[in-house]
Amino acid sequence: MSTVAIITAAGRGIRAGDGGPKQWRALAGRPLLAHTLEAFRAIPEIDRLILVVHPEDAALAAPLLDARTTTVIGGASRDASVRAALEALEGSDATRVLIHDGARPLVSAAVIRRVLAALDGAPGAAPAVPVSDALWRGEAGRVTGLAPRDGLFRAQTPQGFHFPAILHAHRAHPGGAADDVEVALAAGLDVAITEGEEDNIKLTWPGDFARAERILRGRAMDIRIGNGFDVHAFAPGDHLWLCGVKIPHDKTLLGHSDADVGMHALTDAIYGALAEGDIGRHFPPSDPQWKGAASDIFLAHAAGLMRGRGYRLANADVTLLCERPKIGPHAIEMQRKLEEIMEVEMGSVSVKATTTERLGFTGREEGIAALATATLVRA
């Protein structure tokens, strides 16, 4: 059983004016789609993402992909693109799907989670905002009549469904639907209305980009803090790796990879701040390809996820707990090495050490422990 988010981004967006397809244009310094994908990646309940793209945009999509995200080539219409993604899921363990407009980059976690919760009691659910303005009918630039607004809603996405039901509905639909709720209703599916948000706008016209920029600037700064802890035992050897620096010593550290205890703690701190688990989730020790691997692979991966989500490292602090080797002579080199691997500003990483006054396993020189804290900021 799994939940899959389908992000539709195969359109050409001609109403948004010049500048190419709107989903690839810059919004707050990053492609619009990067914001959309980030919103869904931040929801742990979502196991997989499918990005539906135009055949000409595969190269543009590549930098936005990660271990949870794959692409599907879309069709000539929105419903054809959604069906292509649904067909790609047939035979998988998908039980629920969320279908979202790629051009809605400001969707909140609350909107997404309300749809997911509603699927516990209905085969379909979608967010909407009640119509509050007066409604007119018009012709030739003049008002010709009024329309009641009671019971009317402005539809939003993501629109969520039980997977088998919406796949069957799309297969039965003749095409040309405005959204997936229309497809679902045509198949007789019950669709619950969940609470939408005014900021969950679809960028359609040239002026919508400026509005989205204002909304992003007005949102509170997002600060995340993660902690990491790791331990490795000593074994016979003549050197060890700490924070990316090779240090001569009369012992080595024992581990599946290079056993860099400091770098492992820092990597887990970043994963923790991103709610991405730990190193074992991304690089399982049961996988032989990581045996003896250099730990900078793990740290670079965590830093890449950080940047992909729009965060920067405000600071990181690593503390090594050991009697020997002495860390002080190597601390500056360790700091610079960690900053280099993560591609962050100089001065954003601290490395220090302490002893346990000959107490415990570190005091008996049976191994080394490390603590790390990472602060990530997204403005």
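Just so it is clear, none of the values below were taken in a lab; they were calculated from the coordinates. None of the values given here were measured: they were computed from a predicted structure. Cβ atoms come from the backbone with ideal geometry, glycine included; neighbour counts cover every protein chain shown.
Couple of notes before you dig in:
- Förster-model FRET efficiency, 25 Å R0, Thr354 and Leu254, C-beta, rounded to 0.05: 0.70
- Each other residue within a Cβ distance under 11 Å of Leu305 adds +1 if Lys or Arg and -1 if Asp or Glu, for a net charge of +1.
- Ordering Phe298, Phe163 by the number of other Cβ atoms within 10 Å of each residue's own Cβ, fewest first, gives Phe163, Phe298.
- A convex hull fitted to the Cα coordinates of region 257-330 yields 106 cubic angstrom per residue.
- Taking the DSSP bridge list for region 1-89 and keeping only pairs wholly inside it, about 15 percent are antiparallel.
- Whether region 1-157 is rounded, prolate or oblate, judged on the alpha carbon gyration tensor where a/c under 1.5 counts as rounded: oblate
- Footprinting exposure proxy ranking of Leu60, Leu266, fewest other C-beta atoms within 10 angstrom first, gives Leu60, Leu266.
- Spatial separation of Cα centroids for region 112-126 and region 196-215, in angstrom: 24
- Ranked Phe229, Phe161, criterion: other C-beta atoms within 10 Å, fewest first: Phe229, Phe161
- Where Rh is the Kirkwood radius over Cα pairs, Rg/Rh for region 231-379: 0.96
- Remark: the Ser108-Asn227 segment gains 40.3 nm on full extension, using 0.36 nm per residue and subtracting the alpha carbon distance.
- Cα-based Rg and Dmax for the chain, where Dmax is the largest Cα-Cα distance (Å): 25.4, 90
- Placing pseudo-labels 7 Å out from each Cα toward the beta carbon at Ile73 and Glu45 gives an inter-label distance of 3.5 nm.
- Between the beta carbons of Arg142 and Arg307, assuming R0 = 56 Å, the FRET efficiency works out to 0.60 to the nearest 0.05.
- Selection from Ala140, Ile166, Gly272 lying farthest towards where the dipole of the chain points positive, charges on Cβ: Ala140
- In this label model, Ile297 and Thr95 are separated by 3.4 nm, measuring between points 7 Å along each Cα→Cβ vector.
- Distances between every pair of Cα atoms in region 123-190, grouped in 5 Å steps from 0 to the bin holding the largest one, split as 4, 15, 20, 17, 14, 13, 10, 6, 2, 0 percent.
- Here the extension length gained between Phe153 and Asp66 equals 27.8 nm, from 0.36 nm per residue of separation less the Cα-Cα distance.
- Separation of alpha-carbon centers, region 231-258 and region 341-379, rounded to whole Å: 15
- When +1 charges are put on Lys and Arg Cβ atoms and -1 charges on Asp and Glu Cβ atoms, the dipole computed for region 1-129 relative to its Cα centre reaches about 400 debye.
- Dividing the mean sequence gap of close Cα pairs (under 8 Å, 6+ apart) by how many residues the chain holds gives a relative contact order of 15 percent.
- Under the combined filter of DSSP loop state and at most 14 neighbouring Cβ atoms within 10 Å, region 282-346 retains these trypsin sites (Lys or Arg not before Pro): Lys291, Lys326.
- Annotation for region 208-283: trypsin sites (Lys or Arg not before Pro) lying in DSSP loop with at most 14 further Cβ atoms inside 10 Å of their Cβ are Arg219.
- Table column - 3J(HN,Hα) (Hz), region 234-251, Karplus curve with 6.51, -1.76, 1.60, x for Gly and Pro: 7, 9, x, x, 10, 6, 8, 10, 9, 6, x, 10, 7, 10, x, 7, 7, 9
- Charge dipole (debye, nearest 20) of the chain; +1 at Cβ of Lys and Arg, -1 at Cβ of Asp and Glu: 820
- Cβ-based net charge around Asp268, under 13 Å, with every Lys or Arg adding one and every Asp or Glu removing one: -3
- Distance from the alpha carbon centroid of region 291-312 to that of region 55-102 works out to 25 angstrom.
- For the options Leu203, Leu167, Leu135, a Gaussian network treatment of the chain with springs between C-alpha atoms closer than 10 Å singles out Leu135 as fluctuating the most.
- Fraction of antiparallel bridges per DSSP, the chain only, in percent to nearest 5: 60
- Here is how the number arises for the chain: DSSP H runs of 4 or more residues each give -39500 (n - 2.57), the sum is divided by the residue count, and the result at 222 nm is -8500 deg cm²/dmol.
- Counting charges near Lys202 (Lys, Arg +1; Asp, Glu -1) among other residues having Cβ under 9 Å from its Cβ returns a value of -1.
- Amide H within-cut-off set for Val72, under 5 Å, with H built and near neighbours excluded: Leu51, Val52, Val53
- For region 28-108: rounded, prolate or oblate by the Cα gyration tensor [a/c cutoff 1.5]: oblate
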